[in-house]
Amino acid sequence: MHSIRIIGPGRAGTSLAAALTARGWEFAGFAGRHDDVSGAARGVDVLVIATPDDVVAEVAASVVPVEGTTVVHLSGSLGLDALAPHPTRAALHPLVPLPNGEVGAARLCSGVTFAVAGAPAAREIVGCLGGRMGEVDDGDRAAYHAAACIAANHVVALLGQVERVAASVGLDLESFLPLTRAALDDVAALGAGAALTGPARRGDWATLSRHLDALPEEERAGYQAGAALAGRLAHADTPQPAPAVPAAV
């Protein structure tokens, strides 16, 4: 049985604690922002730093290294150098939103992919949780994390735009969610290129232009960016560049 302590009792930290406790790990408790963490690596096999990215290095530097204890961070964008001066270090980033400890724990045990690097402890955690592993080197982590943000944060932001535009014609977001869910199912089954439908797929630039004319000024840049990405995907297999998205009149 492994033992673990976590610095950072936020959504990621509480999710991981609950998930690993349910799988038989011994949990040695949390340390918060006002606690002295200098001795946090003592007496455990794994110390996890589950803080915001911008303080991971500062927190790691404040912990006295302990031989035999692996220090792990949960950041998607940082490399192992953020955990200096600890000799045994690893990175573990789950590709799933963790909104709270209860939901997050269930999602961590649902077979999701984790980006791992460094010492074996990260892989042992993934194996214990029944997850999939993807090795991501330090030099690739910023690009990897950008993809993760696009997959989650940007999709949510786009649905926020759907909600605003839908409200302008008297409909709610719920009316459009079956469309979104079906599109995601199609991507999973067919791949993004084959799943794409709509005016950008057809090259119907007159319709795209009407959309832009109908939208408020503050919504047009977001729509144009999305239409440009759709046009690029629609023409991914052709040698010539995709036509430019028309501007609003």
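What follows draws every value from the coordinates through simple rules; no lab data is involved. Here the structure is a predicted model, which is why all the values come from computation and not from measurement. Note: ideal-geometry Cβ built from the backbone for every residue, glycine included; neighbour counts use all protein chains shown.
For this structure, a couple of remarks:
- Counting only DSSP H runs of at least 4 residues, each contributing -39500 (n - 2.57), and dividing by the residue count of the chain, the helix-based mean residue ellipticity at 222 nm comes to -13500 deg cm²/dmol.
- Potential lengthening of the chain between GLN161 and GLU219 amounts to 20.1 nm, from the contour at 0.36 nm per residue minus the alpha-carbon distance.
- Between SER110 and ALA228, full extension at 0.36 nm per residue minus the direct alpha carbon distance yields a gain of 39.1 nm.
- Counting Lys and Arg as +1 and Asp and Glu as -1 over every other residue whose Cβ lies under 15 Å from the Cβ of ALA91, the net charge comes to -4.
- Charge context of GLU219, other residues only, Cβ under 13 angstrom, K/R +1, D/E -1: -2
- Peptides 40-47, 68-75 ordered by average Cβ neighbours within 10 Å, highest first: 68-75, 40-47
- Residues ALA146 and SER168, FRET efficiency given R0 of 45 Å [Cβ-Cβ distance, rounded to 0.05]: 0.90
- Once the Cβ-Cβ distance of ARG210 and ASP36 is raised to the sixth power relative to R0 = 41 Å, the FRET efficiency obtained is 0.10.
- Cα-Cα separations in the range 28-156 greater than 26 Å, expressed as whole percent: 19
- Taking Lys and Arg as +1 and Asp and Glu as -1, the other residues whose beta-carbon sits under 12 Å from that of GLU174 total -1.
- Whether the range 142-234 is rounded, prolate or oblate, judged on the alpha carbon gyration tensor where a/c under 1.5 counts as rounded: rounded
- Here the dipole of the chain is about 360 debye; that uses its Cα centre as origin and unit charges on the Cβ of Lys and Arg (positive) and Asp and Glu (negative).
- Viscosity 0.692 mPa s, 37 °C: Kirkwood-radius Stokes-Einstein D of the chain over Cα pairs, µm²/s: 159
- Burial order of peptide ranges 54-66, 90-102 (average beta-carbon count within 10 Å, highest first): 90-102, 54-66
- FRET efficiency, 1/(1 + (r/R0)^6) with R0 35 Å, evaluated for MET133 and LEU177 via beta carbons: 0.65
- For the range 155-170, 3J(HN,Hα) per residue [Karplus equation, 6.51 cos²θ - 1.76 cosθ + 1.60, θ = phi - 60°, Hz, x = Gly/Pro]: 5, 4, 4, 5, 5, x, 5, 4, 4, 5, 5, 4, 4, 5, 10, x
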